[in-house]
């Protein structure tokens, strides 16, 4: 069966990618930026930790609410479709026909399909949900799982670029190590991310690395511009 | 037509929501966190700007690459489907039948549908793309538009909570104003976001406000914990 080669990544892996992608990049770039203006690693660590806490909560809870919204939305649309096939079946049949008219099927065939589909209400509603509205049934507990996965991935991703600042008092010095460690991690992460989403792995790894480097360089330059080592 | 009431937000609005949602929350929480440990607004501003630069690049470029990946993926799958209806038409017809078997249609009707659909290759491929693979044709230029919209929204969102620190030297003092302004903005933003995505507006606004408050409180507490005003 050829479709198993199509893009397919589980929701959990997608969540890890979402969380870690930003987690590696933003705290790294923030720390790099601060190192451009502040010589004390202490402040960089404080800002970095504050960012990781803020970012993981914002992204994790954001993921939770997005998942919750999705499943609430699905439930309310499902109720509405069941109600409609009961209340206005002819209109709903017309909508089934419309779907197939769009694919150039004959009027006669459209009618046959609509009539036959109407025999099984569950399958009829399932068809409307998926093909008229484009909604897939969300997994149960998806929302809270998603929140935890994204949040944790952000924390893990964020701790990596920050770790040199824990041990090296001078932020400029720590920055070198942070760049080295984070570059390797961004590349490796980009590689696996691309593998998992079915993209060319080496190009994908480079892209992720370049985003991180650009973000860090821009933050560094900007911090230097406003503060020029005055802090 | 009832389906116009269904959840429908344009891609641009979705991008604004994505960017502004994190832009309002993370720089706000970072600044609040730093105010818990550092009394100089200067440092808070430097860190805040570095974060906004880093975050907008990470999210904007992230949006760009996500859009690019999506359209590359669509193009390569489209090519594959055209190739397959040419090379192994019977297999592809079988896949059409499978889709309808899943909705409980009779074997005979499945055959008729598959045969009739096979008459127009473009529509056949379109059907496979949408209903077998669940892929929608991405808009042209979607990727770069998306990047700019998300990045700008993040910047605009981030400047708001940071603005009091520009004018008030004492970070603790600035924090009060930042909390006041940002709470209002989070609530208003949450309200419109919910309106646009068809959710209950007041509850939605509260949720967004609570995420922001939680993230800021946690960042504040954590920064205080590591540094207890020692900087």
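Each reported figure results from applying straightforward, stated rules to the coordinates on display, with no laboratory input. Just so it is clear, the structure is predicted and the values come from calculations on it, not from any experiment. FYI the Cβ positions are ideal-geometry reconstructions off the backbone, even for glycines, and counts take in every protein chain you see.
Key figures
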{"quantity": "Computed P(r) (all Cα pairs; the stretch A:92-194; 5 Å bins; percent)", "calculated": "2, 10, 13, 11, 8, 6, 6, 6, 7, 7, 6, 6, 5, 4, 2, 0"}
{"quantity": "Test item: A:218-226 mean partner chain Cβ contacts at 10 Å", "calculated": "5"}
{"quantity": "Relative contact order [Cα under 8 Å, 6+ residues apart], chain B, whole percent", "calculated": "42 percent"}
{"quantity": "Descending Cα extents along the principal axes, the stretch A:8-130, whole Å", "calculated": "77, 29, 21"}
{"quantity": "Cβ-Cβ FRET estimate between residue A:101 and residue A:206, R0 fixed at 45 Å, reported to 0.05", "calculated": "0.45"}
{"quantity": "Sorted by Cβ density within 10 Å, fewest first, the residues B:61, A:109, B:225", "calculated": "B:225, A:109, B:61"}
{"quantity": "Inter-copy spacing of residue A:221 label points, which lie 7 Å from Cα along Cα→Cβ, given in nm from shortest upward", "calculated": "3.9"}
{"quantity": "Fewest-first ranking of B:197, B:46, using other Cβ atoms within 10 Å as the exposure measure", "calculated": "B:197, B:46"}
{"quantity": "Projected label distance in nm at residue B:108 and residue B:75, using a 7 Å step from Cα toward the beta-carbon", "calculated": "4.6 nm"}
{"quantity": "Isotropic mean projected area of the C-alpha convex hull, the stretch B:140-231 (nm²)", "calculated": "7.9 nm²"}
{"quantity": "In Å, descending, principal axis extents of the Cα set of the protein assembly as shown", "calculated": "78, 46, 33"}
{"quantity": "Rg over Rh, two decimals, the stretch B:66-139 (C-alpha only, Kirkwood Rh)", "calculated": "1.02"}
{"quantity": "Whole-number percent relative contact order across the stretch A:1-122, with pairs defined as alpha carbons under 8 Å at least 6 apart", "calculated": "16 percent"}
{"quantity": "Number of partner chain Cβ atoms within 10 Å, mean per residue of B:66-79", "calculated": "2"}
{"quantity": "Förster radius 25 Å - calculated FRET efficiency between residue B:225 and residue A:139, Cβ distance, rounded to 0.05", "calculated": "0.10"}
{"quantity": "Closest-to-axis residue of chain B (Cβ criterion, axis taking B to A), whole Å", "calculated": "B:47, 2"}
{"quantity": "Shortest-first distances to equivalent copies, position residue A:206, nm, label 7 Å out along Cβ", "calculated": "5.2"}
{"quantity": "Computed log₁₀ I(q)/I(0) - Debye formula, equal Cα scatterers, no solvent, the stretch A:134-192, q 0.18, 0.21, 0.30 Å⁻¹", "calculated": "-0.73, -0.84, -1.12"}
{"quantity": "For residue B:195, inter-copy label distances in nm, listed shortest first [label point 7 Å out on the Cα-Cβ vector]", "calculated": "4.8"}
{"quantity": "Cα-based Rg of chain B normalised by 2.2 N^0.38 Å, two decimals", "calculated": "1.44"}
